[in-house]
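Working notes for the structure below.
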Amino acid sequence: MTVLWEGFVQGVRGVITIGLIVVPLMIVLEIAQGNGWLQKLNHYAAKPFRRIGVGEEGVFPLVVAMLFGLTYGSGLIINHVRTGQVSAREAKVIGTFMAIAHALVEDTIIFLVLGAPLLLLLVPRLVLAFAMSYIVSKR
Amino acid sequence: MQITANMIQRGAKAGLETTWELAKVVVPTAVVVALFKASGLLESITALFAPYLSWFGLSGDAAVVLFSGYFINLYAAAGSIMALTLSWQEITICAVMLTFCHSLLVELPISKKAGSPLSYIFFIRLGCSLAVGWLLGVVLS
């Protein structure tokens, strides 16, 4: 019973942390959208992702996932699908990419500290993220 | 630059709705992880697969690194690496394998929530991890 309770408390703590990040993130996103900045960023960052069938609206969730982690990128995707900015098909491609390549800063540092080489921690992940989501986009 | 009350309101609403959607996944998952840790299942799985680790240029000891990373998270894996004496090749192979595939109990349900089928994300991540691990095992040892 205590194990279940500990798990529950851990989960609630996790949700509070997520909320403290996701709510401000969404507000910043609204402001960025209202001022036309996001459209600019998406336009410039979209190029490498166009080939795997991800439109400009899907780029921001990808960038967030790569920098901050899967949970936050997924939160944006959930929101984007709900508001119709991203199609279910696109969400699958984006989901594949971010499942492989996310939290690139945090994950890389953990193993860099233990002596694994930087390039091996980053390059295979990015290459396979593109390859797998390309395959998914063609199906 | 323009910030209106409407933007803040809309953003906060979207943020809270999204947090609620994630909560429905995160809380049950945290309970599953706690049960998994307490059950001794990790030890059994590790013992079961240890003999096959030579395929990736790893000693049987490294199984605990891989499985604590696969199921729990990268910090658990890093803790296991520090508790063992592994060669730098082994540390590198484990680390690279784990970059593709980790925290599955937590991350697979999140991927599913974001619209990707669970089984196929699982196979892609594990497949990448095993393929790259095998390749590195051949190259490094």
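Some notes on this structure:
- Residue A:72 being in a helix (DSSP H, G or I) and at pLDDT below 90: no
- Residue count, segment A:62-81 (criterion: open to solvent by 30 Å² or more (accessible area, probe 1.4 Å), more than 8 Å from chain B (Cβ to nearest Cβ) and without any contact (Cβ under 8 Å) to a residue 24 or more places away in the chain): 1
- Summed over segment B:113-141, residues that are without any contact (Cβ under 8 Å) to a residue 12 or more places away in the chain and within 23 Å of residue A:75 (Cα to Cα) total 9.
- Checked against (1) in contact with a Ser or Thr (Cβ under 9 Å, 6 or more places away or on another chain); (2) under 25 Å from residue A:99 (Cβ atoms); (3) without any contact (Cβ under 8 Å) to a residue 12 or more places away in the chain, residue A:13 passes all but a single condition, namely (1).
- Residues of segment A:102-119 include none that is over 28 Å from residue A:23 (Cα atoms) and in contact (Cβ under 8 Å) with a residue 40 or more places away in the chain.
- Matching option when the condition is over 27 Å from residue A:128 (Cα atoms) and open to solvent by less than 20 Å² (accessible area, probe 1.4 Å), among A:59, A:22, A:54: A:22
- Residues located in segment A:27-51, provided they are at pLDDT 85 or above and open to solvent by less than 30 Å² (accessible area, probe 1.4 Å): A:29, A:31, A:32, A:36, A:46, A:49
- Test: residue in segment B:87-94 that is under 20 Å from residue A:113 (Cα atoms), under 16 Å from the mean Cα position of the chain (by Cα), of a type in the set (Ser, Thr, Tyr) and open to solvent by 20 Å² or more (accessible area, probe 1.4 Å): no
- Scan of segment B:1-16 for residues that are in a loop (DSSP other than H, G, I, E, B) and open to solvent by 50 Å² or more (accessible area, probe 1.4 Å), ordered by number: B:1, B:2, B:3
- Residue B:55 being of a type in the set (Phe, Trp, Tyr) and farther than 19 Å from residue A:30 by Cα: yes
- When the criteria are applied in full, residue A:123 meets the requirement of being open to solvent by 50 Å² or more (accessible area, probe 1.4 Å) and modelled with pLDDT of 95 or more.
- Selected residue (only one of A:67, A:118, A:104, A:62 is touching a Ser or Thr at 6+ places or on another chain (Cβ under 8 Å) and of a type in the set (A, V, I, L, M, F, W, C)): A:118
Residue by residue, here is whether (1) open to solvent by 60 Å² or more (accessible area, probe 1.4 Å); (2) under 21 Å from residue A:135 (Cα atoms); (3) at the interface with chain A (Cβ under 7 Å from one of its Cβ atoms) holds:
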| residue | (1), (2), (3) |
| --- | --- |
| B:83 | yes, no, no |
| B:100 | no, yes, yes |
| B:106 | no, no, no |
| B:109 | no, no, no |
| B:112 | yes, yes, no |
| B:132 | no, yes, yes |
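- Among the residues of segment B:75-88, some residue qualifies, meaning at least one is out of contact with any strand residue (DSSP E or B) (no Cβ under 6 Å at 6 or more places or on another chain) and closer than 26 Å to residue A:61 by Cα.
- One residue from B:76, B:38 being without any contact (Cβ under 8 Å) to a residue 60 or more places away in the chain, open to solvent by 20 Å² or more (accessible area, probe 1.4 Å) and more than 17 Å from the chain's Cα centre (by Cα): B:38
- Segment A:2-53: number of residues that are at positive phi and within 14 Å of chain B (Cβ to nearest Cβ): 1
- Failed item, numbered, when residue A:58 is tested on (1) touching an Asp or Glu at 6+ places or on another chain (Cβ under 9 Å); (2) more than 21 Å from residue B:9 (Cα to Cα); (3) facing chain B (nearest Cβ under 9 Å): (3)
The values are calculated or read from the model by the stated rules, or taken from the named source; none is laboratory data. Computed from a predicted model, the values in this text were never measured in an experiment. Positions of Cβ are backbone-derived with ideal geometry, glycine not excepted, and every protein chain shown enters the neighbour counts. These area figures cover heavy atoms from the full protein model, side chains too; ligands, DNA and RNA do not enter into them. Shrake-Rupley method; radii C 1.70, N 1.55, O 1.52, S 1.80 Å.
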